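First comes the structure, then the notes that go with it.
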Amino acid sequence: MANLKEIRNRIVSVNSTKQITSAMKMVSAAKLRRAQDAVVQMRPYSNKMQEIISNISVGLDSIDGEYSEQRELKNVLLVGITSNRGLCGGFNNNVIKKVILLAANEYKNANVVVLPIGKKIRDAIKKTTLTQSPNLNANTEKIWDELTFANASDIANKIMQAFVNKEIDKVVLVYNQFKNAAVQELQAEQFLPVLPPTENKGNTSSSSIDYIFEPEKTSILQELIPKSLKTQLFKAL
């Protein structure tokens with residue numbers, strides 16, 4: 001049976017542990033808040049850019065350009081985005097399973113290549129028969145060490161260049177869309193080729209206005225689309 005001195009020592013030890021965990025909780029809460037602010041602040045910019053592209057596209061039969069070319073699906077790139085660490089429930093596993101299912105079902109007749117962003121999906125893909133992209137796969141998990149728009153743009157530029165060079169015919173992003181700290185929605189989103197935005201018939205306020213464009217609409221779109229793609233990838237991260 002523990003004597004009184006041992007009991008007091010245990011109480012002191014527990015109180016010390018409580019102080020440490022409380023400090024860790026405060027630090028984690030601050031980091032989570034900064035991450036949430038970064039996600040929320042990015043969305044209005046991304047949504048407004050999509051709105052601008054949609055408004056400019058009204059009246060055009062299609063979006064012509066190097067990023068819009070529809071080709072026979074011979075080579076498909078699946079960009080799977082996970083974290084570098086575990087202990088986060090189904091956050092990583094849901095993305096990994098979705099990538100494997102897309103390759104086995106929807107794109108079973110194409111040559112599927114995976115670009116893993118995150119250590120967890122990189123390690124998981126190595127245990128499957130799927131092929132990792134040799135040209136684009138350059139330690140992409142390191143982006144989590146410094147998640148900036150510039151680093152995300154570097155990855156987006158490589159993907160876009162591979163599409164322009166006809167090395168890949170379609171790109172799909174598979175990621176978890178942040179809702180709140182407890183809820184994320186799994187997304188499988190087409191990245192390339194760029195699809196013409198669907199006009200919202202219920203919204204007549206912006207699309208019905210006849211603007212004068214300088215330069216012409218197609219030139220503006222060719223400038224906006226690469227920026228929109230970089231923003232789309234950064235938002236997925």
The extension gain from residue 180 to residue 222, computed as 0.36 nm times the residue separation minus the Cα-Cα distance, is 11.7 nm
If every Lys and Arg gets +1 and every Asp and Glu gets -1 at its Cβ, then about the Cα centre the chain yields a dipole, in debye to the nearest 20, of 1880 debye
Sparse-neighbourhood loop hits (GluC sites (Glu not before Pro), the range 124-176; DSSP loop; Cβ within 10 Å at most 13 others) -> 146
With DSSP loop assignment and no more than 10 other C-beta atoms within 10 Å, the GluC sites (Glu not before Pro) in the range 1-110 are 72
Charge dipole of the chain built from unit charges on the beta carbon (Lys, Arg +1; Asp, Glu -1), centred at mean Cα; most positive-end Cα among 117, 16, 228 is 16
When the charge dipole of the chain is computed with +1 on Lys and Arg Cβ and -1 on Asp and Glu Cβ about the Cα centre, the Cα farthest towards its positive end, among 175, 90, 4, belongs to 4
Summing -39500 (n - 2.57) over every DSSP H run of at least 4 in the chain, dividing by its residue total and rounding to the nearest 500, the 222 nm mean residue ellipticity is -16500 deg cm²/dmol
Note: residue 32 to residue 149 extended length (0.36 nm per residue) minus current alpha-carbon separation gives 40.2 nm
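Throughout, read-outs are computed from the coordinates displayed, never taken from laboratory work. What you see is a predicted model, and the numbers here were worked out from it, not measured in a lab. Cβ coordinates were reconstructed from backbone atoms using ideal geometry, including for glycine residues, and neighbour counts include every protein chain displayed.
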